[in-house]
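Please read the structure below before turning to the comments.
The values are calculated or read from the model by the stated rules, or taken from the named source; none is laboratory data. Bear in mind the structure is a predicted one, so any value in this text is a computation, not a measurement. Neighbour counts are summed over all protein chains in view; Cβ atoms, including those assigned to glycine, are modelled from backbone coordinates with ideal geometry. Each accessible area value is taken on the protein alone, full model and side chains, heavy atoms only, with ligands, DNA and RNA left out. Shrake-Rupley method; radii C 1.70, N 1.55, O 1.52, S 1.80 Å.
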Amino acid sequence: MTDSTVLRDALPAQAPRGRLLITLVVDTSESMRESGRIDELNAALRGWREELLKVDPVASIGEIAMVTFGFNHVQVIDPSGRVSGPPAQPYVPVREFSPPELRADGVTPLVAGVQEALRLVAVRRRELREAGMPMKNRPLVYLITDGVPTDDKGHKSNDWQDLAPVIRQQESGKHILFFAFGVTGADEAVLRALAPESYSSLTDVTMARVLSLMSASIESAGNASRDQPAEKVYKDAREHQKQADRIREWMRRNG
Amino acid sequence: MAEPERPVAAGWNVVPASVIGSTHVRLGVVNQDRYLTHALSGGARLFAVADGAGSRSRSEFGAQYAVEAARLAAERHYSPAARERTVPGRLRTAHAFARGCLEAFDGLLDGMVPAMSALAPRPRATDRPDTRDDRDDPRKEYGTTLLAVVAEPPWYAFFGVGDCFLVVDRVPGGARLVVPPPAEREHDGATVLLTSRDRWEHAALGVLHDPLVRGLAVCTDGVMDALLSSRRAADGSCALAAPEEMSRYFDHFAAPGHRPEDLAERLASEDFARTSGDDKTMILAVLRP
């Protein structure tokens, strides 16, 4: 066997150039505070980076952005925690993921939050294209919510009905993959409309568990073939989650 | 100025390698890449790689049929009797070879899966319908890319459908990306396959006459990020290129006593896995002086 250092020099490899965009759209409305979910989410997010870094090749090519809706209406958060206001570059490498403590209050402008996420994705795609950086796969957008979309006054809003076809169009054009995770209190009808093949209704589940499910989904969807239809990617992601669950359960029982 | 001439080569050092991608290992999927190297009767060599589409259930068979189709077409169109000595003649042969690859691929699919013929019409070699893939055509499950190179130094003919790529190494001159993967492929989110209806429209087809070539690297897209770099053109646009250091691959396998296994070991390394979880296949061929 040739020494690996010698071989590395003789047959060099370029640094990873591709990128995988992950965009979180997180509910920070009043209900998240009242239920104590926001504290739980903050605690879970602190440990999530280590979990994500185990997902290959997300660790080397993943970039993550974070949009919140609720507190201060819709905010783009610096996922590295370095900038307190809106960051000049919303996407940071996954290895730098260290989000600030999220605060929860106010109404639930879910639709505006998702729209902002789609805007960020489009901008980053364009930047990467101009920089000659390939996309490893379709950008992944993850919605986490415990509530019902509202207008600015807190009244239940039906504007999500206009958002659903926009998401479908982006999916069929292979521009994004969209996942929705609803915890206790989320409106299942809304989730089903926004993400018919990729929503998870998770009652009585910890936020750590939600993030864990999200990691499994990222691993599966991030490694899917680029030309796979979205429905097939979603189906595979569900299977992957189930498989990860079975392994976790086996590990729990067998120490 | 007179073209520098390379002494007549004694043959090729051919080092093929194909390793399964880390993603496929994790998902329990087989390596869907295939390759074939074949010495043709007139002294030419065929180098072919194919990458079965991950989204298609029988793509590894499609990839196998693709390289076999290239062999059948090469044997037919690059026999000693058919040898052309002019550029127009070489182009005609390359064109016939390309069509032959497609016809042989279709024929293999029809022959291997007779039931298919009854289910859907196959695309003709020059079909230009407006849809990339027929949703109801069972042949789509055999979706694969192909890049086939017939080397008869100093002539090189190539035919490709999809995102495989070809690098040649020149002395002097270094590594050059001759057949690049399609531009914007990562942003389009779709790859043209041998089963696509617009395959002919998007095919790469050409002939290279270059006495300075000392080696070829025929690759599937799984090694693209590890081997190629991005360069900004004068107009600000970016394009893929073979970096200068890629010549080291040819140096390594031109050296006497080289270990052919080195290539597979390298493709299976962490450095390559970090760039892609896809299967990785490369045929590296270096002319022996």
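Identify, please: which residue in the range A:5-30 is buried (at least 22 other Cβ atoms within 10 Å of the Cβ) and of a type in the set (S, T, N, Q) and is, among those, nearest to B:D221 (Cα to Cα)?
A:T23
With the structure loaded, tell me whether A:S60 is within 24 Å of A:S220 (Cβ to Cβ), among the polar types (S, T, N, Q) and not in a strand (DSSP E or B) or whether it fails that test. So that I can check it myself, show each step before the final result.
Working: within 24 Å of A:S220 (Cβ to Cβ): yes; among the polar types (S, T, N, Q): yes; not in a strand (DSSP E or B): yes.
Yes; evaluated as a whole, the condition is true for this residue.
Among the strands (runs of 3 or more DSSP E) lying completely within the range B:197-289, list those that include at least 3 residues that are under 17 Å from the mean Cα position of the chain (by Cα), more than 8 Å from chain A (Cβ to nearest Cβ) and surrounded by 23 or more Cβ atoms within 10 Å (Cβ to Cβ).
Ranges flagged: B:213-219, B:280-288.
Is it the case that B:A125 is at pLDDT below 80, surrounded by fewer than 17 Cβ atoms within 10 Å (Cβ to Cβ) and in a helix (DSSP H, G or I)? Before the answer, list the steps.
Working: at pLDDT below 80: yes; surrounded by fewer than 17 Cβ atoms within 10 Å (Cβ to Cβ): yes; in a helix (DSSP H, G or I): no.
No: the conditions fail for B:A125.
Condition first: in contact with a strand residue (DSSP E or B) (Cβ under 7 Å, 6 or more places away or on another chain), open to solvent by less than 50 Å² (accessible area, probe 1.4 Å) and not in a helix (DSSP H, G or I). Can you find one or more residues in the range A:203-211 that meet it?
Checked against the condition, which is being in contact with a strand residue (DSSP E or B) (Cβ under 7 Å, 6 or more places away or on another chain), open to solvent by less than 50 Å² (accessible area, probe 1.4 Å) and not in a helix (DSSP H, G or I), the range A:203-211 yields at least one hit.
Mind checking which residues of the range A:180-191 are surrounded by fewer than 24 Cβ atoms within 10 Å (Cβ to Cβ) and within 22 Å of A:P139 (Cβ to Cβ)?
Of everything in the range A:180-191, just one residue is surrounded by fewer than 24 Cβ atoms within 10 Å (Cβ to Cβ) and within 22 Å of A:P139 (Cβ to Cβ), namely A:L191.
Does the range A:148-156 contain at least one residue that is among the aliphatic types (A, V, I, L, M) and surrounded by fewer than 22 Cβ atoms within 10 Å (Cβ to Cβ)?
Of the residues in the range A:148-156, the ones among the aliphatic types (A, V, I, L, M) are A:148.
Next, only the ones that are surrounded by fewer than 22 Cβ atoms within 10 Å (Cβ to Cβ) stay: A:148.
Within the range A:148-156 (the criterion being among the aliphatic types (A, V, I, L, M) and surrounded by fewer than 22 Cβ atoms within 10 Å (Cβ to Cβ)), the answer is yes, since at least one residue qualifies.
Could you give every pair whose Cβ atoms fall below 8 Å, whose first residue belongs to the range A:139-165 and is touching a residue at least 40 places away in the same chain (Cβ under 8 Å) and at positive phi, and whose second residue is buried (at least 19 other Cβ atoms within 10 Å of the Cβ) and among the hydroxyl-bearing types (S, T, Y), counting only separations of at least 6 or pairs across chains?
Note: pairs meeting the criteria are A:G154/A:T108.
So the check is Cβ under 7 Å with 6+ separation or different chains; which pairs have a first residue in the range A:93-105 that's assigned to a loop (DSSP other than H, G, I, E, B) and a second one that's buried (at least 21 other Cβ atoms within 10 Å of the Cβ) and of a type in the set (S, T, N, Q)?
Correct list of pairs: A:L102/A:T28; A:L102/A:T68; A:R103/A:T28; A:A104/A:T28; A:A104/A:S29.
Consider only pairs whose beta carbons are under 6 Å apart and that are at least six residues apart or on different chains; among these, list those whose first residue lies in the range A:111-137 and is more than 7 Å from chain B (Cβ to nearest Cβ) and whose second residue is among the polar types (S, T, N, Q).
Correct list of pairs: A:A117/A:T23; A:V121/A:T23.
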